[in-house]
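> Let me begin by handing over the structure; questions about it come next.
The values are calculated or read from the model by the stated rules, or taken from the named source; none is laboratory data. Treat the numbers as computed from the prediction; the structure is a model and nothing was measured. Methodologically, a virtual Cβ is constructed for each residue, glycine included, from the backbone with ideal geometry; neighbour enumeration extends over all protein chains shown.
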Amino acid sequence: MTYTCEFFQKSADFLRAQVDFTPETGIVLGSCLGPFAQAIEHPVVVDYAGIPNFLLSTVASHAGKLIFGTVAGKRVVCMSGRFHSYEGYRFEELVIPIRVLKLLGVKSVILTNAAGAVNPDYRPGDVMIIADHVKLNGESPLRGPNVEDFGPRFFDVSQMYAPELRRLALDCAKNSPLRVHEGTYMFFPGPQFETPAEIRAARFLAADAVGMSTVTEALTAAHCGMPLLALSVITNMAAGVLDQPLRAEEVDVTAEKIAGPFSDYMKAIVAAI
Ligand code: HPA
């Protein structure tokens, strides 16, 4: 499939007909972080299934809905449910949601995810503001013919996690009960969790946390020049950090536990942007 600007425009045109305002901030909610969606006021909910040229969420903990509304008086659009390469999507397809948000007029993007801690000083329930990432696995979502309307073929990613948004998120952390760090996220394609040896390698490569999402969306946002903030909720210590097997339920249990303070933290950030 060769993408053109018109391909993404078709989804954006459909969505524009459903809402009568331009969202300023686009938010992507990660695994089990859906409860933030309840903080959206005057919600207009659109199922992914009805959006032309969009993708479908296949993960049980991802709702598969786009929610337009306001948070702290700011106009937002929130993806409750995201797409991952482990679902079978090609890396090139993973540009779709962020490009559609761009065409809708979204100015900045907040990405959230659940992640495993590589850094032994982190604890489940902490939050990590992503300062940089390592992605040695899988393709770039920007491979294939470049769509110049969005950005140039070759582009800088040395400050893609916007320093001013990271500062703002650190500031907001002062009024939150959450422990908030800044660190490096390393992408693994999943769906299996990593091996202990992969986690030792990740630590050697300066990663503080690992996960199976976010980086494709972050690169797409960077390509089209959208300021970006990305937050990892640490749901578990990564494989082999503790002397016990990693259970998928840990992710759900921790995400559920911190849903309240995490929602409040997100609201404070959206208000301050
Ligand atoms: N590894 C990869 N992805 C994850 C993890 C993990 O330990 N925890 C939550 N998402």
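> Restricting the search to the range 159-216, which residues are at positive phi and surrounded by fewer than 20 Cβ atoms within 10 Å (Cβ to Cβ)?
190, 206 - these are the residues of the range 159-216 that are at positive phi and surrounded by fewer than 20 Cβ atoms within 10 Å (Cβ to Cβ).
> Which of the residues that make up the range 253-262 are in a helix (DSSP H, G or I) and more than 10 Å from the ligand (Cβ to nearest atom)?
253, 256, 257, 259, 260, 261, 262
Table: residues versus (1) basic (Lys, Arg); (2) at pLDDT 95 or above; (3) within 10 Å of the ligand (Cβ to nearest atom); (4) over 21 Å from residue 150 (Cα atoms).
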| position | (1), (2), (3), (4) |
| --- | --- |
| 203 | yes, yes, no, yes |
| 226 | no, yes, no, no |
| 229 | no, yes, no, no |
| 232 | no, yes, yes, yes |
| 241 | no, no, yes, yes |
| 244 | no, no, no, yes |
| 251 | no, no, yes, yes |
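> Quick one: which of 134, 106 is surrounded by 14 or more Cβ atoms within 10 Å (Cβ to Cβ) and over 24 Å from residue 201 (Cα atoms)?
Checking each option against the conditions leaves just 106.
> Any residue in the range 93-103 that is surrounded by fewer than 19 Cβ atoms within 10 Å (Cβ to Cβ), over 15 Å from the mean Cα position of the chain (by Cα) and not in a helix (DSSP H, G or I)? Step through it out loud before you land on a result.
First pass over the range 93-103, keeping only residues surrounded by fewer than 19 Cβ atoms within 10 Å (Cβ to Cβ): 93.
With the extra rule that they be over 15 Å from the mean Cα position of the chain (by Cα), the set shrinks to 93.
Remaining after also requiring not in a helix (DSSP H, G or I): none.
Checking the range 93-103: not a single residue is surrounded by fewer than 19 Cβ atoms within 10 Å (Cβ to Cβ), over 15 Å from the mean Cα position of the chain (by Cα) and not in a helix (DSSP H, G or I).
> Taking interchain pairs and intrachain pairs at least six residues apart, which have beta carbon atoms under 7 angstrom, with the first residue in the range 142-157 and farther than 13 Å from residue 2 by Cβ and the second of a type in the set (D, E, K, R)?
Here the result reads 150/99; 150/102, each pair linking the range 142-157 to a residue that is of a type in the set (D, E, K, R).
> Just to be sure before I move on: is residue 140 at pLDDT 95 or above and not hydrophobic (A, V, I, L, M, F, W, C) in the structure I sent?
Considered against the rule, which asks whether it is at pLDDT 95 or above and not hydrophobic (A, V, I, L, M, F, W, C), residue 140 comes out as yes.
> Could you tell me how many of the residues in the range 82-106 are within 16 Å of the ligand (Cβ to nearest atom) and basic (Lys, Arg)?
1
> Output the residue which, of all residues in the range 107-132 that are away from the ligand (no atom under 13 Å from the Cβ) and closer than 12 Å to residue 186 by Cβ, is farthest from the chain's Cα centre (by Cα).
132
> Tell me whether the range 46-59 contains one or more residues that are under 19 Å from residue 259 (Cα atoms) and surrounded by fewer than 22 Cβ atoms within 10 Å (Cβ to Cβ). Talk me through it step by step, then tell me what you get.
Going through the range 46-59, the residues under 19 Å from residue 259 (Cα atoms) turn out to be 59.
Next, only the ones that are surrounded by fewer than 22 Cβ atoms within 10 Å (Cβ to Cβ) stay: 59.
There is at least one residue in the range 46-59 that is under 19 Å from residue 259 (Cα atoms) and surrounded by fewer than 22 Cβ atoms within 10 Å (Cβ to Cβ).
> If I ask for residues that are aromatic (Phe, Trp, Tyr) and touching a residue at least 60 places away in the same chain (Cβ under 8 Å), which ones from the range 186-241 would you list?
Hit for the range 186-241 is 193, nothing else.
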